[in-house]
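Chemist: Have a look at this one before I ask anything.
The values are calculated or read from the model by the stated rules, or taken from the named source; none is laboratory data. Keep in mind the model is a prediction, meaning the values are calculated, not measured. Virtual Cβ from ideal backbone geometry, glycine too; neighbours counted across all protein chains shown. Note: areas computed on protein heavy atoms with side chains; ligands, DNA, RNA excluded. Shrake-Rupley method; radii C 1.70, N 1.55, O 1.52, S 1.80 Å.
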Amino acid sequence: MSSPLTVSPAGGADVTVRIMARLQADDRIEFAVQQQLAGGSWGEPLLPARRFFPAGARVDRWLVSSPVVWNPVAAPEPPAEPGAPAPARFSAVDSGGTHACGLLTDGTVSCWGGDSHGQTDAPDGRFSAVSAGLTHSCGLRTDGTITCWGGNENLQSDALDGQFTAVSAGGYLSCGLRTDATAVCWGRGFSEFDTNSFVPPLLVSAVVAGDRDACGLITDDDSVLCVDETYETPLHHGPFSAISAGGRHHCALGANGAVACWGDNSHGQTDAPEGRFKAVSAGGRHTCGLLANDTVACWGDDSDGQATPAGGLFTAVSAGGNHSCGLRSDGTVTCWGRIEGP
């Protein structure tokens, strides 16, 4: 078996495969390709028509099989126990301080874990996004409005009126991305923060709320601008395609798939490994990223196992306080570290 290899089918999601070879009784070598399934297991070998080669092949000459028509296979559904309820299916997950929230496929929100401030008491209704903060949570409803619940000692749950396309719950504040590509935040030290007040207005394609600051991905040049409660505005040049804010550090995904992090590195949470990533998520004192082969890598504080990811393949990952959660392709969520719930 070779080591895993990422394959990018035209018009499809990346898949992980490996090359197999075995020796036949007549000394020929047979080759095959095998795909990794969502649970981490491997599918049936895919056998090219021309796949047998003599053991005594010429030195330095590549052995080429006949073309392989690739049809990625889905992971088999595990058999359900009689009388057992069907597992919940999610389309998104986000990890907070001691809790996590997920967006179910029917548009409702489910939260679990620590509930000291009511941060897991998700309201009824349909949502298109959800974000878990330190002691509160926020959701973007299907009508474009934002609702927050849980801790509100810094007014971080007093969601502003208006139409939004994204929401982010942080430590002591929350932020939303308006339909006009401006960002606004509310909570500790951010009662008047509004990128529409810049001259000219600062347009962003994404906004994230950190512990005590917020960052926006600027549309003009894909750089990252972060603003703290003293209104200092450090600029980080990209280009970047995504950003994430943790406890006291930030990470961004470069256009080439590399991860760049900055800020507090007391636990190695900004020491991003090399490799090509699809997504990155900054947690309390650790960071996790979704690699191009759909596996998860984490780095930083691992005192509660939050930086030791579960095995298998994922479509999304979210790092929280002392835990992390990943979304699998079958819509189930797996968490690791210190958190209650699934």
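Chemist: Pick from Val15, Val68, Val93: which is modelled with pLDDT under 80, closer than 22 Å to Gly331 by Cβ, among the β-branched types (Val, Ile, Thr) and open to solvent by less than 90 Å² (accessible area, probe 1.4 Å)?
Modeler: Sole residue among the options that is modelled with pLDDT under 80, closer than 22 Å to Gly331 by Cβ, among the β-branched types (Val, Ile, Thr) and open to solvent by less than 90 Å² (accessible area, probe 1.4 Å): Val15.
Chemist: Let me ask something else about it. Picking from Ser266, Ser241, which residue would you name as being open to solvent by 30 Å² or more (accessible area, probe 1.4 Å), among the small types (Gly, Ala, Ser) and assigned to a strand (DSSP E or B)?
Modeler: That would be Ser241, the only listed residue that is open to solvent by 30 Å² or more (accessible area, probe 1.4 Å), among the small types (Gly, Ala, Ser) and assigned to a strand (DSSP E or B).
Chemist: While we're looking at this one, here's another question. Going through region 271-319 one residue at a time, which ones are within 23 Å of Thr98 (Cβ to Cβ), hydroxyl-bearing (Ser, Thr, Tyr) and either free of Cβ contacts under 8 Å to residues at least 40 places away in the same chain or part of a loop (DSSP other than H, G, I, E, B) (or both)?
Modeler: Across region 271-319, the qualifying residues are Ser303, Thr308.
Chemist: Then there's this: Report whether or not Gly114 is open to solvent by less than 90 Å² (accessible area, probe 1.4 Å), under 26 Å from Arg328 (Cβ atoms) and at pLDDT 95 or above.
Modeler: When the stated conditions are applied, Gly114 does not pass them.
Chemist: Taking the stated definitions as given, is Gly39 in a loop (DSSP other than H, G, I, E, B) and at pLDDT below 95?
Modeler: Working: in a loop (DSSP other than H, G, I, E, B): yes; at pLDDT below 95: yes.
So Gly39 fits the description; yes.
Chemist: Taking interchain pairs and intrachain pairs at least six residues apart, which have beta carbon atoms under 7 angstrom, with the first residue in region 42-69 and in a loop (DSSP other than H, G, I, E, B) and the second among the basic types (Lys, Arg) and open to solvent by 70 Å² or more (accessible area, probe 1.4 Å)?
Modeler: These pairs meet every condition: Ala55/Arg28; Ser65/Arg50; Ser66/Arg50.
Chemist: While we're on this one: Evaluate the following for Ser137: is it among the polar types (S, T, N, Q), open to solvent by 40 Å² or more (accessible area, probe 1.4 Å) and modelled with pLDDT of 95 or more?
Modeler: Taking the combined requirement at face value, the residue does not satisfy it.
Chemist: Shifting gears a bit: Would it be correct to say that Thr147 is polar (S, T, N, Q), under 22 Å from Ser318 (Cβ atoms) and in a strand (DSSP E or B)? Step through it out loud before you land on a result.
Modeler: Details: polar (S, T, N, Q): yes; under 22 Å from Ser318 (Cβ atoms): yes; in a strand (DSSP E or B): yes.
Against the criterion (polar (S, T, N, Q), under 22 Å from Ser318 (Cβ atoms) and in a strand (DSSP E or B)), Thr147 qualifies.
Chemist: Please find, among Ala206, Ala166, Ala181, the residue that is assigned to a loop (DSSP other than H, G, I, E, B), under 23 Å from the mean Cα position of the chain (by Cα) and not acidic (Asp, Glu). Lay out the reasoning, then the answer.
Modeler: Numbers: Ala206 fails: assigned to a loop (DSSP other than H, G, I, E, B); Ala166 fails: assigned to a loop (DSSP other than H, G, I, E, B).
None of the other options fit; the residue is Ala181.
Chemist: Any chance you could count how many residues in region 289-310 are open to solvent by 30 Å² or more (accessible area, probe 1.4 Å), closer than 25 Å to Ser241 by Cα and not hydrophobic (A, V, I, L, M, F, W, C)?
Modeler: The qualifying residues number 3.
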